1. I need a count of the residues in the stretch 53-65 that are more than 15 Å from residue 81 (Cβ to Cβ) and surrounded by fewer than 19 Cβ atoms within 10 Å (Cβ to Cβ).
2. If I filter the stretch 84-92 for residues that are under 16 Å from the mean Cα position of the chain (by Cα) and at pLDDT 90 or above, do I get at least one hit?
3. I'd like the residue in the stretch 1-36 that is closer than 30 Å to residue 116 by Cβ and in a helix (DSSP H, G or I) and, out of all such residues, is modelled with the lowest pLDDT.
4. List the residue pairs whose Cβ atoms are under 9 Å apart, where the first residue sits in the stretch 19-37 and is surrounded by 15 or more Cβ atoms within 10 Å (Cβ to Cβ), the second is at pLDDT 75 or above and not in a helix (DSSP H, G or I), and the two are 6 or more positions apart or on different chains.
5. Is there a residue being modelled with pLDDT under 90 and in a helix (DSSP H, G or I) anywhere in the stretch 116-129?
């Protein structure tokens, strides 16, 4: 009973330290800082997207190459599935690049909003753009 109680206290203390988050005060950033942040995130997401897309295509081509070479070199042509799993994994890797490109596009849109209109939102400076017409009498 004592050991279970000690283990329970230890686990609760461990989870408290592991799952606890430090609250930090967010400082208001200028529109230029927000623009720079979104542009850097866009570049990082696009780079990761291109790497996963290229890696996935290379895995698909490698899997097909293994499949074709296995059938040409072996006399037994009934088992040509040696590179099939590599092709499947390459297809999954290629598909996983799509969310990275989508996230890059969202950051690009947010960066353009910050650059054109400035910071618009709660506890920020409200900047609006509009058209005005002046009639003189």
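The values are calculated or read from the model by the stated rules, or taken from the named source; none is laboratory data. All figures in this text were calculated on a predicted structure; none of them were measured in a lab. Positions of Cβ are generated from backbone atoms using ideal geometry, with glycine treated the same way; all protein chains shown enter the neighbour counts.
1. Residues that pass the stated criteria total 6.
2. Scanning the stretch 84-92, I find at least one residue that is under 16 Å from the mean Cα position of the chain (by Cα) and at pLDDT 90 or above, so the answer is yes.
3. Per the criteria, the residue is 31.
4. 37/29
5. Yes.
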